[in-house]
Amino acid sequence: MKLDICFSPELLPLYELEGKVAVIVDILRASSTIVTALGEGISEVYPVATLQECTDLGLQLNCITAAERDGLPAPGFDLGNSPFGFLGEGRPLAGRALAISTTNGTAALRRSHAAAHIVVGAFLNLSAVADFARRQQQDVLVVCAGWKGMFCLEDTVFGGALAARLQGEFDVTSSDATLAALHLWEQAQANLPAYLLQSAHVRRLNSLEASQDFDFCMQIDTYARVLPRWQHERLE
Ligand code: 3SL
């Protein structure tokens, strides 16, 4: 089995997804937020591409709606794209469904539909993703959501962390993308927050006063058993 990394959804047409496990990653912040939502008791997540779909689903299902555009909460929805929206004393949103639309993360998910299995990965659930990959015994493609089609450091470092976990069981050396991600992870692992503080999206988040989200998203395995998995047209 092989683990490969697609640095941006724009590169997806170059990859085969059929018969593979696709791991969708948007560390800052969509995949971290979705993992947190399910970890805090949200019953199921409907990732949608457009704001209109998000509004419509909210009405149709009477569910929580969350939406972000350009890093800011989109007006007219219950929540933005912060994992802190799902945290709180007594898990106030537990049992509710969620419709969510974000700039890059949910779009990357929708574009990976041809894969045999689609799961959502973040540092917060690294072990759950690695365990699932081991159980499936199929090739893995890490799909980095990036930023508006461009490379993102934090998503790629996650790919390196997953490759490091699966080294020995998966071929992680035959793709230059995976080799590069492994090298980045080697640099980053001693102090992940310090390393990723230099990334462009952190600067965007800082300027949007969302830097507490950054610290939260850097935690490894806070939700080690939570694996958002695409089934029946939703993540559960
Ligand atoms: O693009 C996305 O999907 C978001 O995760 C970006 S942000 O972190 O909400 O700015």
Name the residue, out of Ala200, Ala122, that is touching a helix residue (DSSP H, G or I) at 6+ places or on another chain (Cβ under 6 Å) and not β-branched (Val, Ile, Thr).
Ala122
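Would you confirm, using the coordinates I've provided, whether Ala210 is out of contact with any strand residue (DSSP E or B) (no Cβ under 6 Å at 6 or more places or on another chain), in contact (Cβ under 8 Å) with a residue 12 or more places away in the chain, of a type in the set (A, V, I, L, M) and within 21 Å of Ala116 (Cα to Cα)?
Against the criterion (out of contact with any strand residue (DSSP E or B) (no Cβ under 6 Å at 6 or more places or on another chain), in contact (Cβ under 8 Å) with a residue 12 or more places away in the chain, of a type in the set (A, V, I, L, M) and within 21 Å of Ala116 (Cα to Cα)), Ala210 does not qualify.
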Residue count for segment 181-231, restricted to those that are away from the ligand (no atom under 13 Å from the Cβ) and within 20 Å of Ala107 (Cβ to Cβ)
4
Considering (1) among the small types (Gly, Ala, Ser); (2) surrounded by fewer than 24 Cβ atoms within 10 Å (Cβ to Cβ); (3) farther than 30 Å from Asn191 by Cβ, say which one Ala130 fails and leave the rest.
(3)
Working carefully through the options Ala181, Ala130, find the one that is assigned to a helix (DSSP H, G or I) and free of Cβ contacts under 8 Å to residues at least 60 places away in the same chain.
Ala130
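Val157 - would you say it is within 22 Å of Ala224 (Cβ to Cβ), within 16 Å of the ligand (Cβ to nearest atom), of a type in the set (A, V, I, L, M) and in a helix (DSSP H, G or I)? Don't jump to the end; show me each part of the working.
Numbers: within 22 Å of Ala224 (Cβ to Cβ): yes; within 16 Å of the ligand (Cβ to nearest atom): yes; of a type in the set (A, V, I, L, M): yes; in a helix (DSSP H, G or I): yes.
Spelling it out, Val157 is indeed within 22 Å of Ala224 (Cβ to Cβ), within 16 Å of the ligand (Cβ to nearest atom), of a type in the set (A, V, I, L, M) and in a helix (DSSP H, G or I).
From the list Gln167, Gln137, exactly one residue is closer than 22 Å to Ala114 by Cα and over 15 Å from the mean Cα position of the chain (by Cα). Which is it?
Checking each option against the conditions leaves just Gln137.
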Residue match in segment 95-115 (condition: surrounded by fewer than 17 Cβ atoms within 10 Å (Cβ to Cβ), away from the ligand (no atom under 16 Å from the Cβ) and closer than 29 Å to Gly168 by Cβ):
yes
Please specify each residue of segment 58-76 satisfying the condition of being touching a residue at least 24 places away in the same chain (Cβ under 8 Å), within 14 Å of the ligand (Cβ to nearest atom) and on the phi < 0 side of the Ramachandran plot.
Ala66, Ala67, Glu68, Arg69, Leu72, Ala74
Looking at segment 160-178, which of its residues are touching a Gly at 6+ places or on another chain (Cβ under 8 Å) and either outside any helix (DSSP H, G or I) or under 19 Å from Arg134 (Cα atoms) (or both)?
Leu162, Thr178
Scanning segment 209-236 for residues that are out of contact with any Ser or Thr (no Cβ under 6 Å at 6 or more places or on another chain) and among the acidic types (Asp, Glu) gives Glu209, Asp215, Glu233, Glu236
Let me confirm something: among Glu44, Glu16, Glu89, which residue is surrounded by fewer than 21 Cβ atoms within 10 Å (Cβ to Cβ) and either touching a helix residue (DSSP H, G or I) at 6+ places or on another chain (Cβ under 6 Å) or modelled with pLDDT under 95 (or both)?
Glu89
Look at segment 162-208 and say how many of its residues are touching a Ser or Thr at 6+ places or on another chain (Cβ under 8 Å) and at pLDDT below 95.
2
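The values are calculated or read from the model by the stated rules, or taken from the named source; none is laboratory data. All of these numbers come straight from a predicted model, not from anything done at the bench. No Cβ is skipped: glycine too gets one built from the backbone with ideal geometry, and neighbour counts run over all protein chains shown.
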